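*Asks:* Sharing a structure with you now.
Every number in this text was worked out from the coordinates using simple rules, so none of it is lab data. It should be emphasised that the depicted structure is a prediction, and the values quoted were computed from it without experimental measurement. A quick note on method: Cβ atoms are made from the backbone with ideal geometry, for glycine too, and the neighbour counts reach across all protein chains shown.
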């Protein structure tokens, strides 16, 4: 193609483009009000249909959280109004049939909610608890066994390395294996949180199969402890990731558990916390537990060395 032919082709292209731009501009200016009408969202009335309505997170739980006077360790039954750990609200789909899970602090709070969720998903459940928490452990036993799965429990102090080792090995023996470890129990010290989590992971290391999932539970307010647990999760994946073992963390914000009362917080303190939260309320354990399901099931297979904050908008708690 010679130079003149190329010029004619370019001129034709530019002329066509200018016509298109002019047409679009004219249509836009002439029918701008029509476009706005077409694009404007209108409220949809779902009344009378089978479409479930959206849940307003501000009002899902409307009762004021009243903290019991009992301090650490406290009992689930001391809360009035009662805590929702999913006893009635958690709906399962049988995703964990045949799996075995170990949950520390599984008698109350978030651990209790995770135990209920995993049992309803079909997993056999082992929990650890303190001797003072026996009534709560008995209740969890009844809730878990009602789902038709096996239950094993062991009381003791997670600050003790020997107890952590025995807990893991006895759970493995009682259940015929382990697939999930949820290190949930914790107080305000490194011994309860970081050291215990390390002992629990080190004990079963030779037994862990590919696909095994480990979940830590750092609480946002304990800055140093939270950083240590998240850092440990990130360090562990360098060793365990190549074996097909995932390590993650779930970091709850202010939640209606005995952890709130363990540091002397009162109902008035809780009201102050609530006033600073965007959603205007403290979370219930049943709202935290689904994260421990998502991270274990197949859809979470690419989640590794991640910390999931379920904090109700609070970054300082």
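*Asks:* Return the tail of the calculated pair distribution for the stretch 94-310, meaning the percent of Cα-Cα pairs more than 23 Å apart.
*Replies:* The proportion of pairs with Cα distances above 23 Å equals 42 percent.
*Asks:* Can I ask one more? In what sequence do 149, 247, 274 fall when counting other Cβ within 10 Å, fewest first?
*Replies:* Ordered by Cβ neighbours within 10 Å, fewest first: 274, 149, 247.
*Asks:* Can you check how the C-alpha radius of gyration of the stretch 45-156 compares to 2.2 N^0.38 Å, as a plain ratio?
*Replies:* 1.23
*Asks:* Right, next: Rounded to two decimals, what ratio of Rg to Rh does the stretch 130-189 give with C-alpha atoms and a Kirkwood Rh?
*Replies:* 0.96
*Asks:* Could you calculate the contour length gain from residue 302 to residue 160, that is, 0.36 nm times the residue separation minus the distance between their Cα atoms, to one decimal place in nm?
*Replies:* Taking residue 302 through residue 160 to full extension adds about 47.8 nm, to one decimal.
*Asks:* While we're looking at this one, here's another question. Please report 103, 310, 215, 66 as a ranked list, fewest other C-beta atoms within 10 angstrom at the top and most at the bottom.
*Replies:* Lowest count first: 66, 310, 215, 103.
*Asks:* log10 I(q)/I(0), Debye, Cα-only the stretch 162-212, no solvent, q = 0.13, 0.30 Å⁻¹?
*Replies:* These q points yield log10 I(q)/I(0) values of -0.30, -1.24.
*Asks:* For residue 279 and residue 294, calculate 0.36 nm times their separation in residues minus their Cα-Cα distance, and state this gained length in nm to one decimal.
*Replies:* That works out to 3.1 nm of additional length.
*Asks:* Compute the FRET efficiency between residue 80 and residue 227 as 1/(1 + (r/R0)^6), taking r as their Cβ-Cβ distance and R0 = 51 Å, and round to the nearest 0.05.
*Replies:* Here the calculated transfer efficiency is 0.90.
*Asks:* Now for a separate question. For the stretch 68-219, what value does the Rg/Rh ratio take when both radii are computed over Cα atoms and Rh is the Kirkwood radius, given to two decimals?
*Replies:* Rounded to two decimals, Rg/Rh equals 0.94.
*Asks:* By its C-alpha gyration tensor, with a ≥ b ≥ c as the square roots of the eigenvalues, how is the stretch 75-131 shaped: rounded for a/c under 1.5, else prolate for a/b larger than b/c, else oblate?
*Replies:* It comes out oblate by the Cα gyration axes.
*Asks:* Between residue 87 and residue 64, what is the spin-label point distance in nm, taking each point 7 Å from the Cα along the Cα→C-beta axis?
*Replies:* According to this spin-label approximation, the distance is 2.3 nm.
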